[in-house]
2 protein chains.
Amino acid sequence: MSTAGTRQEQKERTREAILSSALTLAQEHGFAQISLRQVARHAGVVPTAFYRHFQSMDELGLALVEQSFDTLRQMIRDAQRDPDVFANIIDAAAEVLVDTVKQYKAHFAFVARERFGGSDAVRGAIRHELDLFVSELAVVLARLPNIERWRSEDVQMVSRLFVRNMVYNAEEVVEMPDNRPDLEERIKEGARRQMRLIVLGFEKWES
Amino acid sequence: MSTAGTRQEQKERTREAILSSALTLAQEHGFAQISLRQVARHAGVVPTAFYRHFQSMDELGLALVEQSFDTLRQMIRDAQRDPDVFANIIDAAAEVLVDTVKQYKAHFAFVARERFGGSDAVRGAIRHELDLFVSELAVVLARLPNIERWRSEDVQMVSRLFVRNMVYNAEEVVEMPDNRPDLEERIKEGARRQMRLIVLGFEKWES
DNA sequence: CCAATCAGTGAACACCCGTACACTGAAAGT
DNA sequence: ACTTTCAGTGTACGGGTGTTCACTGATTGG
């Protein structure tokens, strides 16, 4: 039997060193351009030890996709608990988005970059997770006043529109230099205005 | 003196072989992952000959950015000449977008990928060109009925919203498998609906 | 016709890559 | 106490990389 043997603990620690090393290095030049040896070196481990944890860089990439979308889902869960969200969905959403992306920059940068630049496997996984996310958001949107009676395809469409803009805004935050609260506020303000414009269209939408 | 000496002609032909080889190879795995030697090999030229045309892969990348945005600008110019555009801006825009992207897939794929995945130089160049493009579109939008009186920041904001969606729709066309007119129609329909929703918001927009 | 130019050649270099293999030594199981 | 397990080691390999250098030979211009 085993409770928390030092054995597995150490292995887990190394695994996480590899994951976070990969994430750090990927921030500089993109995950697709970093090598197994670079990751191992940064994690303080010999290249061959890498294989005790991942069969290939692709497998590492998939693990990072999973990790990244976990923080994305956490963001949504937190946002829904926030009482401000009911008072003013748009302002709260802009706030939460910018703050969370700033906090977990590496994860969002990873998704933004590898969404198009990564290997087939990584790209496919990200695409799939984003599609899931669109559907989840559609469920939330379907409960909003003006949208209740829409055809489900239209709800999906508007959900895609929101997710696209979320992705795009996240990209801007990721590219933003540190310590520039003015830029941060501009991005928030832009996000708010875009969402407001889209919501204005809701009332008059038909077919 | 020289008019069109066979000398320069041949050089130009090689240069274009290198450019188109790079574009072709980049479509498979992304420009950032292909090597100078691969490009030279595909162009039927020895690696060292590459340097007669470009100082580095980065310089090649910048040339491809230029080439790609030339076709993008051509798309806009053609669209403005099309009489249908005045009859129904939205349907025409969706049509032109999907058709042009399909025709120049390699260029749009290049921009979509390297917009985030490329080297600093390439990424910066694409970002700059896209910003220019947003401003150009804003000038066109500012002449539309409901928008005439808007503050210029709001016009820019809505222009960004359109360009973002254009980029995102282009990405979908690029990822679309060939010979799937059903998918193509779905993307067009989605683009039309999103644009219509946004335009609906125009009338009620204030501040 | 002859000298200069210069796009493209081919060999050589030092380097980094992924992976195979036999290994070590401490923790885990009995 | 002993054996087994297995995370991490160290060496070695074949192969792809960017860049250097001296070169060749057809086109060019006088």
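The values are calculated or read from the model by the stated rules, or taken from the named source; none is laboratory data. As the structure is a prediction and not an experimental result, all values here were calculated from the model. Positions of Cβ are generated from backbone atoms using ideal geometry, with glycine treated the same way; all protein chains shown enter the neighbour counts. These accessible areas exclude ligands, DNA and RNA; they are computed on the full protein's heavy atoms, side chains included. Shrake-Rupley method; radii C 1.70, N 1.55, O 1.52, S 1.80 Å.
Tabulated values for the structure
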item	result
Label point 7 Å beyond Cα along the C-beta direction, distances from B:Arg15 to other copies (nm, shortest first)	5.4
Degrees separating the helix B:120-141 axis from the principal Cα axis of chain B, which is the longest one	30
Carbon + sulfur, % of accessible area of chain B - ligands and nucleic acids excluded, 1.4 Å	51
Under 13 Å from B:Lys105, Cα to Cα: aspartates and glutamates that are on another chain or at least 8 residues apart	B:Glu28, B:Glu171, B:Glu172, B:Glu175, B:Asp178
For residues of B:91-99, the mean tally of beta carbons on other chains within 10 Å	0
Distance between modelled label sites at B:Asp182 and B:Arg15, nm, 7 Å Cα→Cβ extension	4.7
Note, ³J(HN,Hα) from phi for region A:10-20, Karplus 6.51, -1.76, 1.60, rounded to Hz, x at Gly and Pro	4, 4, 4, 4, 5, 4, 6, 4, 5, 4, 6
Hz values of 3J(HN,Hα) by residue in region B:146-152 - Karplus curve (6.51, -1.76, 1.60), Gly and Pro given as x	6, 8, 2, 8, 5, 5, 5
Sites A:Asp58 and B:Glu28 - FRET efficiency at Förster radius 22 Å, r taken between beta-carbons, to 0.05	0.85
Förster radius 60 Å - calculated FRET efficiency between A:Glu148 and B:Asp120, Cβ distance, rounded to 0.05	0.80
B from A by rotation - nearest chain A beta carbon to the axis, in Å	A:Gly117, 1
Tail fraction, Cα-Cα pairs, region B:56-202, threshold 18 Å, whole percent	59
0 to 90° range, to nearest 10: angle between helix B:181-202 axis and chain B longest Cα axis	50
Descending semi-axes in Å of region A:149-198, equivalent ellipsoid built from Cα gyration tensor	28, 11, 5
Along principal axes, Cα extents of the protein assembly as shown, largest first, whole Å	85, 59, 43
Accessible surface buried upon A-B contact (total; probe 1.4 Å; Å², nearest 100)	4000
Amide H partners (placed H, <5 Å) of A:Trp205, local residues excluded	none
Rounded to whole Hz, the Karplus (6.51, -1.76, 1.60) HN-Hα couplings of region B:70-81, x for glycine and proline	4, 5, 5, 5, 4, 4, 5, 5, 4, 4, 6, 7
Region A:1-54 shape via C-alpha gyration tensor axes, a/c threshold 1.5	prolate
Set B:Lys11/B:Lys102; A:Lys204/B:Lys188; A:Lys188/B:Lys102 screened for pairs whose C-alpha atoms are more than 28 Å apart	B:Lys11/B:Lys102; A:Lys188/B:Lys102
In region A:123-200, the GluC sites (Glu not before Pro) that fall in loop regions by DSSP, at most 10 other Cβ within 10 Å	A:Glu148
Residues of region B:71-185: accessible area per residue with a 1.4 Å probe, Å²	49
Copy-to-copy label separations for B:Lys102, where each label sits 7 Å from Cα toward Cβ, in nm and ascending	4.5
Per residue, the convex hull volume that the Cα atoms of region B:1-115 enclose (Å³)	127
Exposure rule at most 14 other beta-carbon atoms within 10 Å, DSSP loop trypsin sites (Lys or Arg not before Pro): chain A longest free segment	A:1-142
Per-residue mean of C-beta atoms belonging to partner chains within 10 Å, peptide B:190-200	5
For the protein assembly as shown, with +1 on Lys and Arg beta carbons and -1 on Asp and Glu, the positive-most of B:Gly118, A:Thr14, B:Leu141 along the dipole	A:Thr14
Between 0 and 90°, nearest 10: helix B:89-103 axis offset from chain B longest Cα axis	20
